[in-house]
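Below is one structure, written out as structure tokens; comments come after it.
The values are calculated or read from the model by the stated rules, or taken from the named source; none is laboratory data. Since the structure is predicted, the reported quantities are computational estimates derived from the model, not experimental observations. Cβ sites come from the backbone with ideal geometry, for glycine too, and all protein chains shown count toward neighbours.
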Amino acid sequence: MVVVFVLVALAVLAVLALGHWYVWRRLVRDTTRGPGPARRAGTAVFVAGPLLMVSALAAERSGAPFWLQRALAWPGFLWMALALYLLLAVAAGEVLRPVLNRTLARRAARRTALTGTASTTAPAPLARTAAAAPATPATAPPTGGLARPGRKPGADPASAAEAPETPAPDAHPAPVDTAPAAVGAHADPAPDARVTAASPAQPAPTRRLFVSRVVGGTAAAAAAATVGQGTYGVLRGPRVKRVTVALGKLPRAAHGFRIAVVSDIHLGPILGRDFTQRVVDTVNATQPDLIAVVGDLVDGSVKDLGPAAAPLARLRARHGAYFVTGNHEYFSGAEQWVAEVRTLGLHPLENARSELPYFDLAGVNDLQGESEGQGPDFDRALAGRDPARACVLLAHQPVQIHESVRHGVDLQLSGHTHGGQLWPGNLVAAAANPTVAGLDRYGDTQLYVTRGAGAWGPPTRVGAPSDVTVIELAATRA
């Protein structure tokens, strides 16, 4: 088992290194002329980024001092999201690259056809050229003439009156080559050479360099904008989503009963007390009859995150607030957190059931609890209940739906998937869960999966906005 774990870890590190090398090559090496400050700075970013990312993960899982977790979390986890979208954007740029190359090649060919001069550089308006200076036309000397100092080669004494005006005395005359020209020379050798030597210019970028800069710059801008928008969406707090669920066993008196479903808040080194307060305000504004917190409340110990969770004491609902564990509670000290939420006024359902006026509300522990001998126990949670009454079950992971079907549960409320959180993570989540987000039916049991209120790792969501879902129960029987 240890060998398998090591091999998987090495494979992940290899993929991580290969992905960063590919993005570095496209965004840093291919967009710079050679070794220099720009390339060194870009390389430093692509070395520091993954190191911070791995350090942030290790610090959180190892229970490092909380100040260190907070110092590493922002740059490390944001780099995780940025690296993903840089990779996707650069890969998409491979489609644009040949198109842009062909377009510029055709334009250069047309320019060559018109001027008779071939060009392999970037378009003239975008290329850096030497400082423009009017060229001095060369006048060919008569055959056999010798160039004399102080006189233009080839100048005829008879046409001296038509020669250009003599420069002012204080002007700086151009250097004159005192070496005699070869007999029979017909032109002044390289008249512009002296200008170039006197004022060296940066050569124009080649077409390949120009294309790499355009594609790389576009990819970097797109990735940064995506991560920025996704981070803003998380930090502003979840939005309310409303869903109606019809239950055949629900009495008419309970028609319109509202359950606010909150999952995956993930309080930790990034999302803290202010975020908790935003979630609480959002939930209370819906005026629910009951609040269900279905796991992954925290990523850290009660010692570090107790103050961040304190605003949960302000949750208000007519029939109270209930809580079940998620897998991250077992990474953070589940027993301590169960005790803590109880002091905040929430009712933990540890494989337990509560008989409400109109239906039974049950809850089971998360599957991760099996590692501590505290796994889900449906028999214990549902034993002895009246099957004629509707049953709503709180279970963190959607995969627990199959046990719910077997035990005759009417509605299971879950989270865990985050809706994929970072597209295309929804494809990965779909491979591991029966439902990624939304309402589904399995036999006689319905399953609703919320995308969650917070975020794990990067405080960023793309294609999976955070939500607090208000489930409105509807009675179908007379």
For the range 446-478, the count of residues that are modelled with pLDDT of 95 or more and more than 22 Å from the chain's Cα centre (by Cα) equals 11
Does the range 265-287 contain any residue that is closer than 30 Å to D386 by Cβ and in contact with an Asp or Glu (Cβ under 9 Å, 6 or more places away or on another chain)?
no
Within the range 283-293, does at least one residue satisfy the condition of being closer than 20 Å to L235 by Cα, among the polar types (S, T, N, Q) and surrounded by 19 or more Cβ atoms within 10 Å (Cβ to Cβ)?
no
Residue count, the range 1-28 (criterion: closer than 18 Å to L209 by Cα and either among the aromatic types (F, W, Y) or touching a residue at least 12 places away in the same chain (Cβ under 8 Å) (or both))
6
Please verify whether L68 is modelled with pLDDT of 95 or more and over 17 Å from the mean Cα position of the chain (by Cα), treating the condition exactly as stated.
yes
When the residues of the range 312-355 are narrowed to those that are at negative phi and among the polar types (S, T, N, Q), which ends up surrounded by the most Cβ atoms within 10 Å (Cβ to Cβ)?
T325
Residues to consider are L247, L235, L267; find the one that is over 25 Å from R318 (Cβ atoms), among the aliphatic types (A, V, I, L, M) and surrounded by fewer than 24 Cβ atoms within 10 Å (Cβ to Cβ).
L235
What residue, of G326, G375, G306, is without any contact (Cβ under 8 Å) to a residue 40 or more places away in the chain, assigned to a loop (DSSP other than H, G, I, E, B) and in the same structural domain as I270 (by TED's automatic domain parsing)?
G375
